[in-house]
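Let me begin by presenting the structure, written as structure tokens, before commenting on it.
The values are calculated or read from the model by the stated rules, or taken from the named source; none is laboratory data. Bear in mind that the values here come from a model prediction, so they are computed numbers and not experimental data. What goes into the accessible areas is simple: the full protein's heavy atoms, side chains included, and nothing from ligands, DNA or RNA. Shrake-Rupley method; radii C 1.70, N 1.55, O 1.52, S 1.80 Å.
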Amino acid sequence: MALDDQGFVETWLSGLAASGYRLTESRRSIVEIMATSKRALAPLHIYDLGRKAHPKLGLVTVYRTLEKLEELGFVQ
């Protein structure tokens, strides 16, 4: 992960934590996937990529995390 990507990850995780979200490994995985992607990703693609590292990742977690990241202004 590039240094700039790590900055995005930390900023986004801090925003989630400040909003009351627990920083689970699944959420960290979602944020890392989003922050390091060079293109737009559909929720199902994020889900598929995230399940490689975290087989118990739920699709609802992906959607809720994306919704909160959008609310915080980190993604569109």
Margin query: For the condition open to solvent by 40 Å² or more (accessible area, probe 1.4 Å), of a type in the set (Lys, Arg), at negative phi and at pLDDT 90 or above, what is the one hit in 52, 68, 38?
Written below: 52
Margin query: Looking only at segment 55-65, filter to residues that are modelled with pLDDT under 95 and open to solvent by 90 Å² or more (accessible area, probe 1.4 Å); which one of those is nearest to the chain's Cα centre (by Cα)?
Written below: 64
Notebook entry, point to check: For segment 24-65, how many residues are assigned to a helix (DSSP H, G or I) and either within 19 Å of residue 8 (Cα to Cα) or not acidic (Asp, Glu) (or both)?
Noted result: 29
